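Only one structure is covered here, and it is reproduced in the block below.
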There are 2 protein chains.
Amino acid sequence: MRRIADIKYASAVLQWDQETYLPPMGAAFRGRQIATLSEIGHELFVKPSFGQLLRTLAEGNDLTGAELRNVQLTLEDYSKLEKYPSSFVRKMSEATSAAYHAWIEARRENSFKVFENKLEALVSLKKEEAQLLGFENHPYDALLNEFEKGATVAWLDGLFNDLKQPLGSLLSQILDRPAPEDGFLKQYFDKDAQWQLGLELLKIIGFNFKAGRQDISEHPFTTNFSAQDVRVTTRIDEHDFASMVWSCLHEGGHGLYEQGLPVDQYGLPRGEFCSLGIHESQSRLWENCVGRSESFIKYIMPLVKQYFPQLENINSHGLFAAVNKVQPSLIRTESDELTYHFHVMIRYEIEKKLIGGSLPVREIPEYWNSLYQELLGVAVPDDKSGCLQDIHWSHGSFGYFPTYTLGSLYAAQFYDSIGKSYPDLDQKIGAGNFGSIHQWLQSNVYQYGRNFTSGELCNKVTGSPLQLEYFQRYITEKYSHVYQMPI
Amino acid sequence: MRRIADIKYASAVLQWDQETYLPPMGAAFRGRQIATLSEIGHELFVKPSFGQLLRTLAEGNDLTGAELRNVQLTLEDYSKLEKYPSSFVRKMSEATSAAYHAWIEARRENSFKVFENKLEALVSLKKEEAQLLGFENHPYDALLNEFEKGATVAWLDGLFNDLKQPLGSLLSQILDRPAPEDGFLKQYFDKDAQWQLGLELLKIIGFNFKAGRQDISEHPFTTNFSAQDVRVTTRIDEHDFASMVWSCLHEGGHGLYEQGLPVDQYGLPRGEFCSLGIHESQSRLWENCVGRSESFIKYIMPLVKQYFPQLENINSHGLFAAVNKVQPSLIRTESDELTYHFHVMIRYEIEKKLIGGSLPVREIPEYWNSLYQELLGVAVPDDKSGCLQDIHWSHGSFGYFPTYTLGSLYAAQFYDSIGKSYPDLDQKIGAGNFGSIHQWLQSNVYQYGRNFTSGELCNKVTGSPLQLEYFQRYITEKYSHVYQMPI
C-alpha cells in the first residue's frame, strides 16, 4: 500500500508542479509522465495476488482492529475496481479526454453545441458505470457513492428540498434590505502585500509551514504528498481584496485537515481523508464559520490595515458586512454562502435527470437557464456564464457537486459542537486563539482519517446524523446580523 | 523505454522539488517516494523479456541505422546492469546511505575519522563493483567508464601528466605578477537585482524560458524532465557578485545542451546527453570561454551597471581581470580556471590508489594534505576544508571528478573549432550575437545525443581526438592578457 502511495503522491507532485511552475512547452511530456504513473499505480493495486492477500487478511484473526479496518477499506476499493473491465477503463479515459478538449473549445466559442456530442458520449458511459457499480434505487446513487460514500438520491432529494424553502425565504428577506457597502473591496491592492498577508493568515490559523507551503496557481487548490508535505495555492487579483483572503482561509482549512491526518498511517485508508464532503467541511469551517465571523475579522483588522492603509477608514463591522454580502449571480465560484447552494441544487437536478435518463444532453442549456431564473432570478446571457462554467462534467465527475453543500452542512454542525465545547469560542477567536478549534478538529475529525463514513463520523462526534437545522441557524444568525433583521 | 523515461523524469521532478521547494518535514516521505520510483524504473528495465527483445532487435535487420543505434546503446546499458546481483545492489545502496550520513556527521564534527569506516566499506564495495563490471588493465578503469565511456587510467595518467607541468609553470609566472583588483566584487549586491540579472543573462545566451525555468537552491544544478522542460537553479550571495553571474552562465550552458537534445528521441539513448565530460564542456564553454571573455563582459557591462550602479566606476577590462584572477585555494568549487585542475588531479590520484589498493582509506587526509601542499602550495587546516569538502565519495561516485577537467578540455577544443568556423566570433560576442555558437553546438553536439562516445564526437566535429594544446593555448592567451605577460 505504501509503495502504491509513493506512486500516487509522486503523481501529485507532478500535477502540483504542472499547476504552479511548469514551463508551457513542458506540458505534453508531463501529461504522459502523469499518465504512466497512474497506470503503474493502478496495475500494482489491481493485481489478483493483492486481492487474494486482502481477502485472506480480512477473513483471518491475526489483525488488530485498526489493521483490520485498513484491510476492509482497501478491500472495498479493490472490489470496486474489480468491477471495471479494462476495455471500459480505456473507453472512459478516451471519452473524458475528448470531452475535456471539447469543453475547452466550447468555452472558447461560447457554445454548448460544441461540447454536446462528447458530453453525450460521456453521460452514456457514466450510465454504464452506474450499472457496473450497481445500485439499489437510482443509477445516480452509484455515482454519488463514489464521492460521498452512502449518499443517495433519496437522501439528497430530501435534504435539498428541505433546504430550498428556508434559503429562498431568507434570500427574499435579504434582498428587501439595503445591501452592505462593498465597493472598497475593489480598490487596487498590491500583489506582494496580498501575498504576504495571505501567508500571515495561514500562520494565524495554524498552518504549519515546516510541513507545507503556499504557491501561486491559476485556480487555488490543496494537495499533499504526505501529512508532512501539504501544498496550498492561491491566486491574487489586484482589484479584489476578498478573493485572496478568503480563498487562503479556505485552502488553509483543507491544508490543516491534511496536516492533521495520522502520519503513521501513510498510504493506508486510515491515513486518508474521510470523504469529499468532510474535506469541504474543513475548508468551509475556516473560510466561513471562523473566517467570515465578526470576531475573526476584528482580530485580523489591524494586520489588514498594516498591509493596506487604503482600508484605514473601514471598521471591522464594515468589512464583516462587505464580505458577507448576498447577491444572486451567475457564477457558482463567486457566490456567497447562501446563494451558493442554489448553484449546487441546479447541478444536482441536472445530473440526476441526465443519469436517470429523463433529460437529454441537448436540453441542458435550456433547463439550466430556466432553473437559474426560477431559483436565483437571474437570466443567463450565454453558455459560458451558464452551463459551460464548471470543469467537472468534462472530467466525468458526476456526483461531485453535492459534496460542496454537504461540506457547508457538516461545517455548521461541527462548528455548533465546537461552540458547545467552548462557550467562549467567540472571545477566543477575537483574541486570535485557535487552539481549542484545532484540538476539537484533531480529536474529532483529523485523527480518524477514513475510518468512518462521513455519516458515521458526524453521528459519533456531534451526537446526531447530519441535520439541516445547524446550517440554517448558523446562516440565519449571520445574515440577521449583517442585514440587521430580526431572527 | 518511454515508460521507463517517464518514471526516471518523475523521480527527477521529485528531486528538483526536494532541492527547491520541499518543506523540511517533507523530507522523510520524499526519500521513500524517490526510492520507490527508482526501484520501479529499475524493475522495468531489467526484465529478462526486455533483454530478450533488445537482443532480437539488435540481431535482426528490421531497423534503420538510428533505431539500431538506440537498441545497441540500450543493450549496452542492459548488459551492464545484468552484471549486478540484486544482493550487491542492496549492499551498495545501504553502504552509500550509511556513508552519506557519516559524511554529514563528519563535516559537522570536522573529523575524517567519523567518515572513515563507512567510506572504507564503500571503497571495498566499489572494488567489488570494478570486478563485476570487468576491466583490462586497472580496476579504476571500470569505474571511470561509468562516467565517461572509454576513459582509462592509462589515458588520464598521460593527460594529467602532460597538463601538470605547463599549468604549474603558468601558475608560477602568474603568482609573480601583481594580482588584479577584485575587492569590488565583494560589495553588497541586492538579492532581487541579482536574481533579475541572472534571468537576463540566461535570456541573453539563449536559454528558452518557454521550455525551462530558473529557481533557487542551495547548490546550483541543472535537471530536465524532457528537452522541453529544463530546470536550472542558482544561489545568491549578497556579498559576492561573481558567484551568481558565472554560476548562471555555467548552469545555462548545461541547460542549453538539454534544451537542444532531440525532442523526438525522448526516453531513447539518442535523446540523452553524450557523457558527463561533454555535458561539462557545455557549461564551461558558456561560463568560461564565452562568459569570462573580455568581449562578453564588454557586452553585458551596461546591463550590469544598470542593475548595480555601485560598479559605475569599474570598466569592462577591470571586471574581466577581476573574474579571471588566479588564486591557489583550498576549495575546488571556488577555484579559478587554472588551479581548478589541480584540485581534480588530487582527487584522481587518491581515487586511483584507493581502488587500486595502494592507499588505505585511513591515510586519505595525510595524502590529501601533502598533495595540496605539493601542487597548490596551500596548507590544509582541517578535514572540512580538506578531504571532506566534496559530496562525491559519500555517494559512491568514484571516477566522476576527471570529467570536470575533461569538460574544460573539450570546451576549449570545441571553442577553437567554433572560432575557426566564425573568424569574427569575438565581434559577434561583443555584439551579443550568439546565433553562430548555438548553430555550431546544435549541429555538432546537441543533435547527436548519446549517439557517439565523447571521444568519437570530438574527433568527428573538431577533426582530432581530445588534445591538450587547445586548452593550453586558450588558458595561456587568457592569462597573458589578464596578467599582461608575453605568451
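The numbers here are math on the coordinates, done by the rules we state, and not lab data. Remember, it's a predicted structure, so these values are computed and weren't measured experimentally. Neighbour counts run over all protein chains shown; Cβ positions are idealised from the backbone, glycine included.
General observations
- Prolate is the label for region A:237-282, because the ratio a/c of its alpha-carbon gyration tensor axes (a ≥ b ≥ c) is 1.5 or higher and a/b is greater than b/c.
- Fraction of beta bridges assigned by DSSP in region B:198-299 that are antiparallel (%, nearest 5): 45 percent
- Treating each Cα of region A:2-135 as an identical point scatterer and summing with the Debye formula, the log10 of I(q)/I(0) at q = 0.14 Å⁻¹ comes to -0.88.
- Less than 5 angstrom separates the built amide H of B:Asn224 from those of B:Arg231, all sequence-distant by 5 or more or on a different chain.
- Ranked from shortest, the separations from the 7 Å Cα-to-Cβ label point of B:Lys305 to its equivalents in the other copies are 4.8 nm.
- The fraction of all Cα pairs in region B:282-399 landing in successive 5 Å bins from 0 to the largest distance is 2, 10, 17, 18, 14, 11, 9, 9, 6, 3, 1, 0, given as whole percents.
- Position A:Lys210: other-copy label points at 4.5 nm, ordered by increasing distance, label point 7 Å along Cα→C-beta.
- Cα gyration tensor category, rounded, prolate or oblate, for region B:387-487 with a/c compared to 1.5: oblate
- In this structure, the residue pairs whose Cα-Cα separation is over 23 Å, taken from A:Lys8/A:Lys118; B:Lys47/B:Lys91; B:Lys298/B:Lys478; A:Lys118/A:Lys353, are A:Lys8/A:Lys118.
- Estimated at 0.36 nm per residue, the fully extended path between A:His481 and A:Ser421 surpasses their Cα-Cα distance by 19.3 nm.
- Beta bridges per DSSP, both residues in the protein assembly as shown: antiparallel share near 45 percent.
- Only helices enter the 222 nm calculation for chain A: every DSSP H run of n ≥ 4 contributes -39,500 (n - 2.57), and dividing by all residues gives -20000 deg cm²/dmol, rounded to 500.
- Total charge dipole magnitude, the protein assembly as shown, about the Cα centre, Cβ charges on Lys, Arg, Asp, Glu only, Debye to nearest 20: 660 debye
- Per principal axis, descending, Cα span of region A:352-433 in whole Å: 54, 27, 22
- Taking every DSSP beta bridge that has both ends in region A:136-487, the antiparallel portion is near 45%.
- Computed over chain B, the percent of Cα pairs more than 39 Å apart is 22.
- Under the criterion of Cα pairs below 8 Å and six or more residues apart, the relative contact order for region B:21-148 equals 15 percent.
- Counting from the shortest, the label point at B:Ile391, 7 Å from Cα toward Cβ, is 3.4 nm from the same position in each remaining copy.
- Within the straight-line cut-off of under 18 Å between alpha carbons, the lysines reachable from A:Lys352 are A:Lys126, A:Lys127, A:Lys149, A:Lys164, sequence neighbours fewer than 8 places apart in one chain being disregarded.
- Whether the protein assembly as shown is rounded, prolate or oblate, judged on the alpha carbon gyration tensor where a/c under 1.5 counts as rounded: prolate
- Relative contact order of chain A, defined on C-alpha pairs under 8 angstrom at six or more residues apart (%): 19 percent
- Loop-resident sites, region A:16-101, for trypsin sites (Lys or Arg not before Pro), counting at most 16 other Cβ within 10 Å (DSSP): A:Lys83
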